[in-house]
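What follows is a short report on a single structure.
The values are calculated or read from the model by the stated rules, or taken from the named source; none is laboratory data. Keep in mind the model is a prediction, meaning the values are calculated, not measured. Counting neighbours? That spans all protein chains shown, and the Cβs are built from the backbone with ideal geometry, glycine included. The protein model used for the area step is the full one, side chains on, heavy atoms only, and it has no ligands, DNA or RNA in it. Shrake-Rupley method; radii C 1.70, N 1.55, O 1.52, S 1.80 Å.
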Amino acid sequence: MIIGTLDNWQQHFSGPVWEEAFGFLKSLDADSPEGFTKLRGDDLYGRVMSYDTISNTEAKLESHHNYIDIQTSIVGGEGIDWYYRPDIEDIAPYNSEKDVINHIRPEGPAPVHIRNYPGVFSVFFPEDAHMPKLEVGTGHVKKAVAKIHIKLL
């Protein structure tokens, strides 16, 4: 997991794939339409979505086998809890179509709690279980996720 600001993403990553992913995220604003944008087919794509944030008892803890997520808020904010995937239990089998596996949320506070607001990004690798959609006071968020297939790295 890496957290940073969109203006300083180059301090953490370099290369054409990262440039495309962060270029997509930085191009978005409140008027950007929701939906999917294919940047390199299924290997690199982005998604814009909005939803009401929820409590940590309602949110789902997930991770991915084949994709890296770069998440940022466009409008509003959300919390994201982070857990180290090898330390937690799976709740269901891996869904290869959606590249997602859900996990049992451990008791107590998360090892890391992130507050994603506009201008802040969070990167989640396959070993990073994450629970987005968490309330941080704004109630509603419009966010974007860029997904990079690990074979591109």
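General remarks:
- Contact order for region 1-73, expressed relative to its length and based on alpha carbon pairs under 8 Å spaced 6+ residues apart, stands at 21 percent.
- For the chain, averaging the sequence separation of C-alpha pairs within contact (under 8 Å, six or more residues apart) and dividing by the residue count gives a relative contact order of 39 percent.
- Projected onto their three principal axes, the Cα atoms of region 55-142 cover extents of 33, 27, 19 Å, largest first.
- Taken about its Cα centre, the chain carries a charge dipole of about 260 debye when Lys and Arg each add +1 at the Cβ and Asp and Glu each add -1 at the Cβ.
- The distance separating the Cα centre of region 62-123 from that of region 9-45 comes to 19 Å.
- Summed side-chain charge close to GLN10 - residues other than GLN10 whose Cβ falls under 14 Å, Lys, Arg +1, Asp, Glu -1: -2
- FRET E, pair ASN66, ASP90, Förster distance 25 Å, beta-carbon r, rounded to 0.05: 0.95
- Positive-end extreme of charge dipole, region 28-153 - chosen from PRO109, TYR51, TYR84 (charges on Cβ): TYR51
- In nm, spacing of pseudo-spin labels at ALA30 and LEU6 (7 Å Cα→C-beta vector): 1.4 nm
- Dividing the Cα radius of gyration of region 1-77 by 2.2 N^0.38 Å, with N the residue count, gives 1.19.
- Accessible area of region 24-67 belonging to carbon and sulfur atoms, whole % at 1.4 Å probe: 44 percent
- Using the Cβ-Cβ distance between LYS98 and LEU153 with R0 set to 22 Å, the FRET efficiency works out to roughly 0.60.
- Pairwise label distance in nanometres, THR37 with TYR51, each label 7 Å out on the Cα-Cβ vector: 2.1 nm
- Rounded to whole Å, sorted largest first: equivalent-ellipsoid semi-axes of the chain, Cα gyration tensor: 22, 19, 14
- Reachable lysines, given that their alpha-carbon falls under 17 Å from the alpha-carbon of LYS38 and they are not under 8 places away in the same chain: LYS26, LYS98, LYS143, LYS147, LYS151
- Two-site FRET efficiency, TYR117 against SER14, from Cβ-Cβ distance with R₀ of 35 Å, rounded to 0.05: 0.90
- With at most 15 neighbouring Cβ atoms within 10 Å, loop trypsin sites (Lys or Arg not before Pro) (DSSP) excluded, longest segment of the chain: 1-59
- Residues of the chain were split at every exposed loop site, defined as GluC sites (Glu not before Pro) in a DSSP loop with at most 15 other C-beta atoms within 10 angstrom, and the longest piece left, sites excluded, is 1-33.
- Along the axis of the charge dipole computed for the chain (Cβ charges of +1 for Lys and Arg, -1 for Asp and Glu, origin at the Cα centre), the listed residues MET131, ALA146, HIS65 are led at the positive end by ALA146.
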